[in-house]
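A.B. asks: I have a structure I would like to understand better, so I am pasting it below and will then ask my questions one at a time.
The values are calculated or read from the model by the stated rules, or taken from the named source; none is laboratory data. Quantities reported herein were computed from a predicted structural model and do not represent experimental measurements. Cβ coordinates were reconstructed from backbone atoms using ideal geometry, including for glycine residues, and neighbour counts include every protein chain displayed. With ligands, DNA and RNA removed, areas are computed over all heavy atoms of the protein, side chains included. Shrake-Rupley method; radii C 1.70, N 1.55, O 1.52, S 1.80 Å.
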Amino acid sequence: MPNILDYIVWRGDLDFARDPLNEVDALILCQLSYMHLDGLVPSAFSSKQGKRQTLREAARAFAGAPDYAERSNVGALINPLSVDLLAAAGESQRFGGLEVSGFVNTIDEARDEQFAAVTFSCGKDWNFIAYRGTDDTIVGWKEDFKLAYMDSVPAQLDALGYFCRAAAALKGRFCLGGHSKGGNLALYSAAKADAKLQKRILAVYDNDGPGFPEAFFSSAGYRAVADRLRTFVPRQSIVGMLFSNAGNYVTVENELKDMVMQHDPFSWQVGPHHFATSEGLGEESRFVGKTLNEWFRTLSTEEKRVFVESLFQILEGSKAKTNFELTRNWFDSLVGMKKTLDSLPKASRETMRKNIQLLVKIVADEFAKQLLPDIAPH
């Protein structure tokens, strides 16, 4: 079935003046934020010479970089077709002339932060801030888990600051977007921006991003931008169903049956202007979302914190910094994690055990309700 690479073949000869920005374009720009553009795209939003780099120039610089092979390793969980997407977009009429600036990539283990973003500008018509989702780093996954109990994680605060800096440097209006955690960052930035900045927002594209605490959706900041929010999830979404969401999402058809892999944007089916959509979420997605969220609600903030800290202390015992390293040296990783698990305080191990038992019970109870509704526990 056609995907975002096929879309560039179909529509790549049409510039944005002839065919305005749409949801598929937005997903492509969001996916490009996963690329290793360090040193190739300036971190500044403007140039003293008055000329900014185009996506075509950045894509060619990426392909011609001495460390191309290293840059092309996007990680164990990011589709390697992203490299082809960058090349195809760069050479297309539609995307190649977009100005690209403001690339930042922050990994801060002391703050448990993983944050990256890049801005695409279509002349004076619009600027598109693409926030990167969770990359291949262990610290990035740890920050994701902290969304379960923290009001704001460091990447969210940096995302808002990035929007403020971009808006101060660039003229025109803005679209904010991201895939996975990037979608969460885009909506957070839009809702937390001041009223003056919010007026410059054209649209917010949340592509299967995790949600927020329920109170977020009753805030004045969210209500001010809610009419411009565009949320898309695959039919068997897991990530997009975590925590609370606004509920007004579009379900995208997917060519894969595997729930986890449906999160990959390259598996989303597309048409010439829009995604191919389906009628509602799949049963598996509803089941997983309901059970995980019930588990989150049952745990106290402290129980969540201890669980996350203990879990990632174990993972960090592997000495791996990325998922790629974790899987490549899986035996050494397991040995290191086992040693760390044994060294955890008894109270932390007990909290982890109880939390996992609770999750198993919630899954079993929910499964029983679906199969045996008359005799399931209430």
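A.B. asks: With the requirement that a residue be closer than 13 Å to G209 by Cα and in contact (Cβ under 8 Å) with a residue 24 or more places away in the chain, what does the stretch 236-248 give you?
C.D. replies: The answer is S237, I238, V239, G240, M241, L242, F243, S244, N245, A246.
A.B. asks: Please enumerate the residues belonging to the stretch 200-238 that are among the hydroxyl-bearing types (S, T, Y) and open to solvent by 30 Å² or more (accessible area, probe 1.4 Å). Show your work before the answer.
C.D. replies: Taking the stretch 200-238 first, the residues among the hydroxyl-bearing types (S, T, Y) are 205, 218-219, 222, 231, 237.
Selection gives S218, S219.
A.B. asks: Next up: Mind listing just one residue for me: the one in the stretch 30-75 that is in a helix (DSSP H, G or I), open to solvent by 40 Å² or more (accessible area, probe 1.4 Å) and among the small types (G, A, S) and, of those, modelled with the lowest pLDDT?
C.D. replies: Taking the candidates together, the pick is A69.
A.B. asks: Looking at the stretch 278-288 only, could you name the residues that are under 22 Å from K181 (Cα atoms) and not in a loop (DSSP other than H, G, I, E, B)?
C.D. replies: Of everything in the stretch 278-288, those that are under 22 Å from K181 (Cα atoms) and not in a loop (DSSP other than H, G, I, E, B) turn out to be E284, S285, R286, F287, V288.
A.B. asks: When you scan the stretch 151-161, do you find a residue that is in contact with a strand residue (DSSP E or B) (Cβ under 9 Å, 6 or more places away or on another chain), under 16 Å from A191 (Cβ atoms) and assigned to a loop (DSSP other than H, G, I, E, B), even just one?
C.D. replies: yes
A.B. asks: Here's a follow-up. Give G280, G247, G317 a once-over and let me know the one that is modelled with pLDDT of 85 or more and either small (G, A, S) or over 22 Å from the mean Cα position of the chain (by Cα) (or both). Outline the logic, then answer.
C.D. replies: On the way: G247 fails: modelled with pLDDT of 85 or more; G317 fails: modelled with pLDDT of 85 or more.
Going through G280, G247, G317 in turn, just one is modelled with pLDDT of 85 or more and either small (G, A, S) or over 22 Å from the mean Cα position of the chain (by Cα) (or both): G280.
A.B. asks: Does the stretch 10-43 hold any residues that are within 14 Å of V100 (Cα to Cα), in contact (Cβ under 8 Å) with a residue 60 or more places away in the chain and small (G, A, S), and which are they?
C.D. replies: Matches in the stretch 10-43: S33, S43.
A.B. asks: So, one more: Any idea which of V100, V118, V104 is open to solvent by 20 Å² or more (accessible area, probe 1.4 Å), at pLDDT 95 or above and not in a helix (DSSP H, G or I)?
C.D. replies: Values: V100 fails: open to solvent by 20 Å² or more (accessible area, probe 1.4 Å); V118 fails: open to solvent by 20 Å² or more (accessible area, probe 1.4 Å).
Answer to the check: V104.
A.B. asks: Hey, another quick one. So, restricting to strands (runs of 3 or more DSSP E) that lie completely within the stretch 188-264, which ones have at least 3 residues that are in contact with a Gly (Cβ under 6 Å, 6 or more places away or on another chain)? It would help to see each step written out before you state the result.
C.D. replies: Details: elements: 201-207, 229-234, 249-252.
Here the list reads 201-207.
A.B. asks: For N127, state whether it is within 24 Å of D208 (Cβ to Cβ), touching a helix residue (DSSP H, G or I) at 6+ places or on another chain (Cβ under 9 Å) and either crowded, with 16+ Cβ neighbours inside 10 Å or without any contact (Cβ under 8 Å) to a residue 12 or more places away in the chain (or both). Outline the logic, then answer.
C.D. replies: Values: within 24 Å of D208 (Cβ to Cβ): yes; touching a helix residue (DSSP H, G or I) at 6+ places or on another chain (Cβ under 9 Å): yes; either crowded, with 16+ Cβ neighbours inside 10 Å or without any contact (Cβ under 8 Å) to a residue 12 or more places away in the chain (or both): yes.
When the stated conditions are applied, N127 passes them.
A.B. asks: Continuing with the same structure: Tell me, yes or no, whether the stretch 47-56 has at least one residue that is within 23 Å of G182 (Cα to Cα) and either without any contact (Cβ under 8 Å) to a residue 24 or more places away in the chain or among the charged types (D, E, K, R) (or both).
C.D. replies: Looking for residues that are within 23 Å of G182 (Cα to Cα) and either without any contact (Cβ under 8 Å) to a residue 24 or more places away in the chain or among the charged types (D, E, K, R) (or both), one finds none in the stretch 47-56, hence no.
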